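Here is the structure we will look at.
Throughout, read-outs are computed from the coordinates displayed, never taken from laboratory work. Computed from a prediction, not measured in an experiment: that's the story for all the values here. We place every Cβ from the backbone using ideal geometry, glycine too, and count neighbours over all the protein chains shown.
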Amino acid sequence: MTASRLLLLVPLAYLAIFFAYPLGSILERSLGGDSGFGFDPFRVLLSDSYYLERIWFTIWQAVVSTLLTLAVGLPVAFLFAKYEFPGKTLLKALSTLPFVMPTIVVAMGFTALFGSQGIINSVLMSTFGMDEPPVRISNSLTIIFMAHAFYNYAIIVRIVSALWSNLDPSLEESAKVLGAGPIRTFYHVTLPMLLPAIISGSLLAFAFSFTSFAVVLVLGGPEFATLEVAIYELTAKLFRLPLAGALAIVQLGFTYLFLVLYARFQEQSVVRMDLQPRAATTRHATRWKDKIFVFGMILILLAMLSPLIALVVRWFTIEGGFSTTQMANLFGSDSRGSYFHLSPVKIIWNSLRFALTTVVISLVIGTIISYCITNARRKWRTYADALVMLPLGVSAVTLGFGYIIALGRPPLDLRGSWLILVIAHSLVAYPFVIRSLLPVLKGMNPNVREGAAVLGATPTKIFMRVELPLIAPALFVGATFAFAVSMGEVGASLILVRAEFTTMPVAIFRFLGLPGAANLSMALGMSCLLMAVVSVGFIAIERFRYKGVGGF
Amino acid sequence: MSILTVTNLHKTYDSVHAVDDVSFSADSGELLCLLGPSGCGKSTMLRLLAGLDEPDSGTMTFEGRNLNGLATQERGVGLMFQDLALFPHMDVFGNVAFGLRMQKLPSSEVSVKVHELLDLVEMRSYARRRVHELSGGERQRVALARSLAPAPKLLMLDEPLSSLDRVLREGLQTQVRRVLEEIGVTSIYVTHDRDEAFTMADRLIFMNQGHIIQTGTPEEAIASPADGFVARTLGFKNVLKGTISESSEYLRIKSQIGTVIATRTDDLFMSPSHESIFLRPEDGISVSVKEASNKPAEDSFQGLILERVFRGNRYELRVLVGDGELYCHTLASDRIRVGEYVYLTVDPNSILFLSGQF
């Protein structure tokens, strides 16, 4: 057995203990009830119209969300793929910001903008002297769809524009020479070429909408519950663990299906085309038609950011918001002002150290797995790729629930330790490391490695001197994603967290559950801080991003 | 009767004159070759004719129709791209059928025509192959069939064979030529390769830095290249500057390699003070080994062999003569080695004079 094979055992063992074992325990719990091994919970599930409705609702809301995401994402992808304009790099970074925002921050931003006391309603009411808020979309499906589109459109933009900007322009020109007008050129040539990217992006957006938690919980109100929310309620409120387990398994089955499809289309979109360097395909907007399009799209993009801006504005304008008292509450070490017997500074510190530990674990696990997938045989690659991505699709709530069952008892009792949180975070985070690393590894010329070996470098030296510098930008991107994921993780944390390990998103969630303007303003303040921390980490991404073909 | 007329065409990209005051015309059924180095404006010329770019000024008329401002799909011209640009998401049949489908032909007719075209390029059995399963030469033939499918009146080919190896390229050149002649389509063929141009063209157009330098049949071009650029493009290596120092029965020309003697010609542009440019085909130079017993002829040059390349049936030599260099070739001899001195004798009849610039 070679050293590299041994190295593979590290992530395999990690995944076996902290992913497969907890999920297996869920399976065991739901199938092996008190009356022996059986499919009772599934029978209950299938005969209960409430849960069937939840499954149906989860699917169709994800479909609608994905379609809306595409409607927003494709024009933006076209903008970034085909036009050069001043401030493009900054706008690109900004447009990706929503995707790394913690879902709880997104939900808070939407409440701040569209809520009954939100900015839009306040402005309309004071301007036109209305007594009732005119825009009533909070606790509605509309706001859930909008938030999902807001959260996911960056995925479409990233995946599609990466391919679009690298499409050989002479393909479209050929179609024109052969007699196709602009519309038929797009329909017969451009669209079919982009389809793998569009489909893989859509599947990913679908998977995220399918397992959506915080957005639905905060914005949707009690009527709308996805599977994820239902699992959370069954676990944390109703304590019907077998039923929760059955639901979790149903969800798992769906997500694995999406991810296999995703990996397959992703592979297709990279392999088959002759890709042209980006510079050859972008142009400055010179004609009036182009200028109006670019200008309009920039306005729309800026409008897309308004929920995040609204969050800050609302914090500044809310009674008791951005004030010295609150600053003292947020940053003081006095724990009397806190409801968790924990000062906010401690909470922020918790979030930071958990996130940093998560980054380290995710990088190690993600890098080893990425190398193994790159070297795997083609036949297995798609399935392996989807399999290691599974934690991304498995809801964090399910994961946290599995940990409670599996890791709360001998031989491995981690319930009292903060490690259990970090482990849960790392499982949701490492797929991002893989996603940013794989395109670079696939694109890496194997001769580079062999060249170094011929020049007399040892395998260790090859990795340190040759490969690491090449993959460093991708690692950095992966690390930033992992950091953002951990900072914003709320599903697993809500289930697993102990009072002394409260993190920022959990605190926001708890503040929201408490009555009174003071708590709302604390939730807003905490959200703004969280947004600031994540943004700073993310702004750096565009500078280090792998500039080649592919990308997340 | 010219079918295509281009008059005073200009196109500037980022202040570079890609096409600068270009005028030419093509007869119906004629095969024109645009010959020149990369970046000389050949491809831009094709893009302007295809309507993929609009000229800054100048006119293009085709079959009496003004092409300026007309959308690409309405021009009825075909263009085969350098990278071929076959649609990777379609099979061979789909690629060839694309242009016919755009003309909204019924599918039975499309099928018949596609198979005719695939027969023409000898690719009939490949109809259902995917593009990425084809070899380079097969792709080339599919691309040719595809661009011929909508029956364009003018077909433009932008270095279509440049990515192939030499053997394959030479085989395809004659095939492309045969197909174009069979169809009788007026064609503009862009290349930077002299031999390819000779194989393909009825008439050559030499382009450099956006200008047309010379137009003519291959034979005319070889007989009297307009300037140093054309001469070098045609493969002449000994292009030298010189001044006529004496003009009697023979001309004596002072140059870097020494004084060269040439037969007097009637070209009017030469005068004793004129700094003219001349070239010698390598065939006009005879090489002999320098030996003590071997006294040099009065008009021969002594030179030092700098480089020797074996070409199968002969050696090609680069020889340092005076302050310049001459290229020549000789039959195999073990005395002809790098570092050896040789005598070169130049045939006065082999010297040509160029009217244009060096």
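The figures follow:
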item	result
Region A:165-217 - Rg and Dmax from Cα coordinates, angstrom	16.7, 53
Space enclosed by the convex hull of the alpha-carbon atoms of region A:3-544, per residue, Å³	185
Whole-number percent relative contact order across region B:2-224, with pairs defined as alpha carbons under 8 Å at least 6 apart	29
Ranked B:Glu249, A:Glu228, B:Glu170, criterion: other C-beta atoms within 10 Å, fewest first	B:Glu249, B:Glu170, A:Glu228
Ranked list, fewest to most other Cβ atoms within 10 Å of each Cβ, for B:Tyr126, A:Tyr187	A:Tyr187, B:Tyr126
Average projection area in nm² (convex hull over Cα atoms of region B:67-106, one quarter of hull surface)	3.8
Calculated diffusion of region B:73-204, Stokes-Einstein form, Kirkwood radius summed over Cα pairs, 20 °C and 1.002 mPa s, µm²/s	144
Compactness index (Cα Rg / 2.2 N^0.38 Å), region B:213-258	1.39
In sequence order, calculated HN-Hα J values of region A:76-86 (Karplus, 6.51, -1.76, 1.60; Hz; x Gly/Pro)	5, 4, 4, 4, 6, 7, 10, 10, 9, 8, x
Calculated [θ] (222 nm, deg cm²/dmol) that DSSP helices of n ≥ 4 give over chain B, each run adding -39,500 (n - 2.57)	-7000 deg cm²/dmol
Cα centre as origin, Lys/Arg/Asp/Glu Cβ charges: region B:2-224 dipole, Debye	740
Gyration tensor (alpha-carbon) shape descriptor, region B:159-235, a/c threshold 1.5	prolate
Cα radius of gyration and Dmax for region A:420-482 (Å)	14.3, 45
For A:Ser174, A:Ser417, order by how many other beta-carbon atoms lie within 10 Å, fewest first	A:Ser417, A:Ser174
Which of B:Val92, B:Thr5, B:Gln175, positive extreme of dipole for region B:2-224 (C-beta unit charges)	B:Val92
Burial ranking of peptide ranges B:62-69, A:175-182 (average Cβ count within 10 Å, highest at the top)	A:175-182, B:62-69
Reach of B:Lys241 by Cα under 18 Å, taken over lysines that are not fewer than 8 positions away in the same chain	B:Lys254
Nitroxide proxy distance, nm - points 7 Å out along Cα→Cβ at B:Asn68 and A:Leu238	7.6
A:Ile309 paired with A:Glu132, simple spin-label distance in nm, labels 7 Å along Cα-to-beta-carbon	3.0
Cα gyration tensor shape of chain B, rounded if a/c is under 1.5, else prolate or oblate by comparing a/b with b/c	prolate
In Hz, Karplus ³J(HN,Hα) per residue of region A:501-514 (6.51, -1.76, 1.60; θ = phi - 60°; x = Gly, Pro)	10, 3, 9, 4, x, 5, 4, 4, 4, 5, 4, 5, x, 9
Cross-link table A:Lys92/A:Lys289; A:Lys92/A:Lys237; A:Lys176/B:Lys113; A:Lys92/A:Lys442; A:Lys92/B:Lys11, entries beyond 31 Å C-alpha to C-alpha	A:Lys92/A:Lys237; A:Lys92/B:Lys11
Derived scalar couplings ³J(HN,Hα) [region B:76-88; Karplus, 6.51 cos²θ - 1.76 cosθ + 1.60; whole Hz; x for Gly, Pro]	x, 10, x, 9, 9, 6, 4, 8, 6, 6, 5, 6, x
Total charge dipole magnitude, chain A, about the Cα centre, Cβ charges on Lys, Arg, Asp, Glu only, Debye to nearest 20	1400
Span per principal axis, largest first, for the Cα atoms of region A:84-234 (Å)	61, 44, 28
Nonlocal amide H pairs with B:Leu79, under 5 Å, H built at 1.01 Å	B:Met156
Mean residue ellipticity (222 nm) of chain A, computed from DSSP H runs ≥ 4 via -39,500 (n - 2.57), nearest 500	-23000 deg cm²/dmol
Three principal axis lengths of the protein assembly as shown [C-alpha, angstrom, descending]	116, 65, 61
Test item: A:167-174 mean partner chain Cβ contacts at 10 Å	6
Nitroxide proxy distance, nm - points 7 Å out along Cα→Cβ at A:Thr142 and A:Trp380	5.2
Full-extension gain in nm, A:Glu500 to A:Leu257, via 0.36 nm per residue minus C-alpha separation	83.7 nm
